[in-house]
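Read the figures in this text as sums done on the coordinates, not as results from a lab. All values reported here derive from a predicted model rather than from experimental measurement. Neighbour counts are summed over all protein chains in view; Cβ atoms, including those assigned to glycine, are modelled from backbone coordinates with ideal geometry.
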């Protein structure tokens, strides 16, 4: 019986012995992203920039604006320009039924997308830089999401600049 008690001491650490083995867990910095799809690609926008998601709206056409600016909407008394993300990225036009209103440097801008997917927490160190090309000029980073899909981080500040 004494031999069993002796082996239990070896197998199970006592409370005072466990303190030396525990290391403080490093906190992982994450940021929330709203994930949406456009032309079969997944894009993400930092959640702090997202002000509204709209599905029922009337776009008023504006003449003499770039082709990717579809017009303006009236959102609770505020006139907001609406950009078609497909056209802005040089992709073919498609009927978009969902819009995301974002705050870009204090200005509200609507972005037409194919579908809003989900809100996810993304570790900041998981976002990697992307090689810049003309078709991806508005993408500032990319990462793999928990479900295995790749998210391209959209740089909203470049939406209105040529």
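Please work out how much length the chain gains when fully extended from residue 52 to residue 27, using 0.36 nm per residue of separation minus the C-alpha to C-alpha distance, in nm with one decimal.
Values: separation 25, 0.36 × 25 = 9.00 nm, distance 3.01 nm.
In short, 6.0 nm is gained.
In what order do 94, 161 fall by count of nearby beta-carbon atoms within 10 Å, going from fewest to most?
Working: 94 15, 161 9.
Final ranking by Cβ density, sparse to dense: 161, 94.
Tally the DSSP beta bridges in the range 30-158 and give the antiparallel ones as a percent, rounded to 5. Let's see the in-between values first.
Working: 38 of 44 bridges.
Restricted to the range 30-158, the bridges split so that about 85 percent are antiparallel.
Using r as the Cβ-Cβ distance of residue 91 and residue 65, and R0 as 30 Å, what FRET efficiency do you calculate, to the nearest 0.05?
Numbers: r = 19 Å, r/R0 = 0.62.
Approximately 0.95, to the nearest 0.05.
Ratio of Rg to Rh for the range 30-158, alpha carbon only, Kirkwood?
Working: Rg = 14.3 Å, Rh = 15.0 Å.
The Rg/Rh ratio comes out at 0.95.
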